[in-house]
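Trainee: Sharing a structure, written as structure tokens. Questions coming.
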Amino acid sequence: MAITKKQSAALAKQVFEYAPAPESIDHVKIQPRYGLFIGGKMVEPHSKKHFPTINPATEKKLAEVAEADEIDVDRAVKAAGKAFESWSHLAPSQRSRYLFRISRILQERARELAVVETMDGGKPIKESRDVDIPLSAAHFFYYAGWADKLEWAFPNRKPRPLGVAGQVIPWNFPLLMLAWKIAPALAAGNTVVLKPAETTPLSAMLFADICMQAELPPGVVNIVTGAGKTGSLVVSHPGVKKVAFTGSTEVGKLIQKQLAGSGKKLTLELGGKAANIVFGDAPLDQAVEGIVNGIYFNQGHVCCAGSRLLVQESIAEPLMEKLKRRLSTLRLGDPLDKNTDIGAINSRAQLEKIQGLVESGIQEGAELYQPECQLPEKGFWFPPTLFTNVSQSYRIAREEIFGPVLSVLTFRTPAEAVEKANNTPYGLSAGVWTDKGSRILWMAEHLRAGVVWANTFNRFDPTSPFGGYKESGFGREGGIHGLAPYLDLN
Ligand code: NDP
């Protein structure tokens with residue numbers, strides 16, 4: 001733990017100077033104002049209200065987006081209900097064709113989507129280009145393959161679609177969360193009403209255009225933008241038979257209460273406070289890359305982020321040294337620059353939440369380390385942050401920060417690592433770094449986490465189910481498991 005701030009500044013100067021490499025935005029046409037996507041076309045909102053969506057890296061307005069009210073949501077659910085009659089009876093191979101078509105268009109328009117995702121959300125272009133958009137296309141491609149094989153997926157059952165699915169998604173992976181929700185719902189024969197997050201609605205607006213380009217029958221997908229109130233109207237509408245929500249545990253609990261006794265099917269994908277556990281026999285350089293990817297990827301706005309680093313005591317010192325050295329080389333700045341590692345924080349509100357929790361960490365006695373880094377003057381930014389001397393009772397070790405902030409704790413034995421890792425109300429993900437296969441299996445068996453990565457972190461694949469235990473929610477998305485919540489299997 002020997003690196004000081006001064007040494008870190010010296011290190012930062014030693015790394016290569018990169019020339020700016022901004023992605024061009026000429027090919028992207030963001031409209032000044034968007035309506036709602038209902039019944040296969042863009043319509044004016046009944047509310048007559050719009051709100052701005054800004055670029056968090058510049059604070060400049062990108063567009064105005066409609067705020068859907070009760071009547072708008074009702075129109076969307078009715079359009080989805082009407083479309084369900086024919087969509088659910090369409091030959092499954094025809095449904096597959098539409099999904100394959102959407103997947104292909106997502107690939108064709110990948111560059112445009114990546115730029116819009118980065119401008120609206122603040123994430124580095126290399127992430128939206130290499131992760132968000134390709135994975136979104138892969139989800140449609142994967143579920144297109146299931147649409148005509150449901151009876152093989154659930155043998156001896158008679159899988160039937162449920163009706164209209166109401167889906168509410170967050171701002172950290174806007175298009176990818178849309179794909180996680182819409183692809184399995186459509187493959188199973190349902191129609192949807194989706195509400196994107198208030199701060200990141202633009203890729204969903206582009207997706208509406210893609211639905212039109214794919215000539216998807218009107219009403220199969222409806223997109224209503226707005227704030228939390230609009231989300232609440234979607235999930236509580238009596239015409240909605242299935243609710244899928246990704247977001248905070250707080251709102252997830254509210255929705256669960258709201259739906260109690262309604263007979264609606266519900267899946268919740270909520271927060272996390274994952275432990276990334278490094279044993280003494282782990283390949284340390286590889287582990288450092290995994291730790292960085294685990295917590296600084298997407299500015300830490302990741303529900304399964306490895307936000308608690310548990311390090312075996314014997315290697316704590318060399319590992320911290322390597323980690324601090326690596327932090328000094330991370331490039332923070334223009335998210336559209338292809339060399340940027342850390343982009344902008346999604347919103348002012350999220351930045352204030354991160355600042356508040358970091359302040360609490362300092363007050364409670366943890367030791368803060370931030371590499372020397374210049375924050376741009378405009379926009380919302382937070383440097384990569386590392387806390388050592390963290391006790392399990394500190395807020396930074398218990399609460400989801402959802403920012404680029406890592407809390408480091410130590411352990412001596414595998415049993416202690418498991419005890420500490422499971423000592424959280426969440427249970428979404430975990431990581432294990434060790435040379436021993438048997439230890440990986442033992443740990444995976446004992447960790448109460450929906451996903452356990454071994455010698456890697458934050459790897460996603462449409463064929464693999466994802467979801468949590470405890471306050472991280474219930475239900476699985478991805479894989480064959482992701483179809484079940486959209487089907488009546490009785
Ligand atoms: P929210 O849970 O408030 O937002 C998620 C989505 O739900 C958004 O579309 C939001 O709309 C909508 N929403 C808000 N209130 C309601 C409601 N009563 N009924 C139905 N839908 C609603 O998360 P925040 O954006 O406020 O983020 C707060 C914290 O949540 C973060 O700091 C982070 O810790 C956690 N979080 C976790 C995520 C995860 O993937 N597990 C994702 C996002 C946040 P709107 O955008 O307009 O508020």
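Trainee: For the range 428-490, compute the orientation-averaged projected area of the C-alpha convex hull (one quarter of its surface), in nm².
Mentor: Computed as one quarter of the Cα hull surface, the answer is 5.1 nm².
Trainee: Here is a follow-up. Compute the length gained on full extension between residue 212 and residue 253: take 0.36 nm times their separation in residues and subtract their Cα-Cα distance, giving the result in nm to one decimal.
Mentor: Gain in length upon complete extension: 11.3 nm.
Trainee: Given a 1.4 Å probe and every protein chain left where it sits, what share in percent of the accessible area of the range 215-302 is carbon and sulfur? Let's see the in-between values first.
Mentor: Values: 1670 of 2870 Å².
Here carbon and sulfur together make up 58 percent of the probe-accessible area.
Trainee: What are the lysines whose alpha-carbon lies under 17 Å from the alpha-carbon of residue 29, with same-chain residues fewer than 8 places away excluded?
Mentor: Within the straight-line limit of under 17 Å, residue 29 reaches these lysines: 60, 61.
Trainee: Then there is this: How large is the translational diffusion coefficient of the range 133-283 in µm² per second when you combine the Kirkwood radius over alpha carbon pairs with Stokes-Einstein at 20 °C and 1.002 mPa s?
Mentor: 129 µm²/s
Trainee: Tell me which residues come under 5 Å, amide H to amide H, from residue 488 once H is placed; ignore anything under 5 positions away on its chain.
Mentor: Here the answer is 160, 162, since their amide H atoms fall under 5 Å of that of residue 488.
Trainee: Return the long-range amide H neighbours of residue 226 (sequence gap of 5 or more, or a different chain), with a cut-off of under 5 Å between placed amide H atoms.
Mentor: Answer set, sorted by chain and number: 68.
Trainee: Past 22 Å, Cα to Cα: identify those pairs from 195/257; 123/253; 78/241; 149/195; 78/195; 49/257, in the order given. If you can, show how the numbers build up before the last one.
Mentor: Numbers: 195/257 19 Å; 123/253 28 Å; 78/241 12 Å; 149/195 29 Å; 78/195 15 Å; 49/257 29 Å.
Pairs exceeding 22 Å: 123/253; 149/195; 49/257.
Trainee: Need the full-extension length gain, residue 82 to residue 355, defined as separation in residues times 0.36 nm minus the C-alpha distance. One decimal, nm.
Mentor: 93.6 nm
Trainee: Continuing with this model, one more query. Taking a quarter of the surface of the convex hull around the Cα atoms of the range 275-454, what do you get in nm²?
Mentor: Averaged projected area of the range 275-454's Cα convex hull equals 9.8 nm².
Trainee: Sticking with this structure for a sec: Please turn the phi angles of the range 151-158 into ³J(HN,Hα) values with the Karplus equation 6.51 cos²θ - 1.76 cosθ + 1.60 (θ = phi - 60°), one per residue in order, whole Hz, x for glycine and proline.
Mentor: So the J values, rounded to whole Hz, are 6, 7, 5, 10, x, 6, 10, 10.
Trainee: Taking the Cα centre of the range 275-454 as the origin, how large is its charge dipole in debye, to the nearest 20, when only Lys and Arg (+1) and Asp and Glu (-1) carry charge on their Cβ atoms?
Mentor: The calculated dipole for the range 275-454 is roughly 240 debye.
Trainee: Shifting gears a bit: Specify which residue in the list 93, 56, 474 is farthest towards the positive end of the charge dipole of the chain, using unit charges on the beta carbon of Lys, Arg (+1) and Asp, Glu (-1), about the Cα centre.
Mentor: The residue sitting most towards the positive pole is 93.
Trainee: Under the Kirkwood approximation applied to all pairs of distinct alpha-carbon atoms, what is the hydrodynamic radius of the range 225-350 in Å? Could you put the intermediate results ahead of the total?
Mentor: Working: mean 1/r = 0.0566 Å⁻¹.
Taking the inverse mean of 1/r over all distinct Cα pairs, the range 225-350 comes out at 17.7 Å.
Trainee: Specify the angular offset, from 0 to 90 degrees and rounded to the nearest 10, of the alpha carbon long axis of helix 70-87 from the longest principal axis of the alpha carbons in the chain.
Mentor: 70 degrees
Trainee: At 37 °C and 0.692 mPa s, what whole-number value in µm²/s does Stokes-Einstein give for the translational diffusion of the chain, with Rh from the Kirkwood sum over Cα pairs?
Mentor: For the chosen part, D equals 142 µm²/s.
Trainee: Between the helical axis of 316-327 and the dominant principal axis of the chain, each derived from Cα atoms, what acute angle in degrees is found, rounded to the nearest 10?
Mentor: Approximately 60 degrees, to the nearest 10.
Trainee: Restricting to Cα pairs below 8 Å that are 6+ residues apart, what does the relative contact order work out to for the range 275-454? Please round to a whole percent.
Mentor: It comes to 29 percent, rounded to a whole number.
Trainee: For the range 184-196, what does the Karplus curve 6.51 cos²θ - 1.76 cosθ + 1.60, with θ = phi - 60°, yield as ³J(HN,Hα) per residue in whole Hz, taken in order and with x for Gly and Pro?
Mentor: Rounded to whole hertz, the list is x, 4, 5, 4, 7, x, 8, 10, 9, 10, 10, 10, x.
Trainee: Using a Cα-Cα cut-off of under 20 Å, which lysines could be cross-linked to residue 6, ignoring same-chain neighbours fewer than 8 residues away?
Mentor: 322, 324
Trainee: Could you compute the net charge surrounding residue 112? Neighbours are other residues with a C-beta less than 14 Å from the C-beta of residue 112; K and R count +1, D and E count -1.
Mentor: So the environment of residue 112 carries a net charge of -3.
Trainee: State, in angstrom, two size descriptors of the range 68-202 derived from its alpha carbons: Rg to one decimal place and Dmax to the nearest whole number.
Mentor: In order Rg, Dmax, the Cα atoms of the range 68-202 give 15.7, 48 Å.
Trainee: So if I restrict to the alpha-carbon atoms in the range 59-115, what is the Rg, and what is Dmax, the biggest pairwise distance, in Å?
Mentor: Every Cα atom of the range 59-115 included, Rg and Dmax give 16.6, 47 Å.
Trainee: Which of the trypsin sites (Lys or Arg not before Pro) found in the range 28-59 are in a DSSP loop and have at most 14 neighbouring Cβ atoms, other than their own, within 10 Å? Spell out each step's value before the answer.
Mentor: Details: sites: 29, 33, 41, 48, 49; in loops: 29, 48, 49.
Here the sparse-neighbourhood loop sites are 29, 48, 49.
Trainee: What is the magnitude of the charge dipole of the range 16-104 about its Cα centre, with +1 placed on the Cβ of each Lys and Arg, -1 on the Cβ of each Asp and Glu, and no other charges, expressed in debye to the nearest 20?
Mentor: On the way: 14 positive and 12 negative charges, 109 e Å.
Result for the range 16-104 is approximately 520 debye, rounded to the nearest 20.
Trainee: Just the Cα atoms of the range 347-413, one point each, no solvent: what log10 I(q)/I(0) does Debye give at q = 0.24, 0.26 Å⁻¹?
Mentor: Here log10 of I(q) over I(0) equals -1.07, -1.20.
Trainee: Rounded to the nearest whole Å², what accessible area per residue is found for the chain with the 1.4 Å probe? Don't jump to the answer; show the numbers that get you there.
Mentor: Working: 19910 Å² over 490 residues.
Result: 41 Å² per residue.
Trainee: How large is ³J(HN,Hα), in whole Hz, for each residue of the range 208-219 in order, when computed from phi with the Karplus curve 6.51 cos²θ - 1.76 cosθ + 1.60 and θ = phi - 60°, using x for Gly and Pro?
Mentor: 4, 5, 5, 4, 5, 4, 7, 6, 4, x, x, x
Trainee: Please list, in chain and number order, the residues 5+ apart from residue 40 or on another chain whose amide H is under 5 Å from its amide H, with Hs placed from the backbone.
Mentor: Result for residue 40 returns 219.
The values are calculated or read from the model by the stated rules, or taken from the named source; none is laboratory data. Model, not experiment: these values are computed from the prediction. Heads up, the Cβs are rebuilt from the backbone with ideal geometry, glycines too, and the neighbour counts pull from every protein chain shown. Accessible surface is based on the protein model in full, side chains and every heavy atom, while ligands, DNA and RNA are left aside. Shrake-Rupley method; radii C 1.70, N 1.55, O 1.52, S 1.80 Å.
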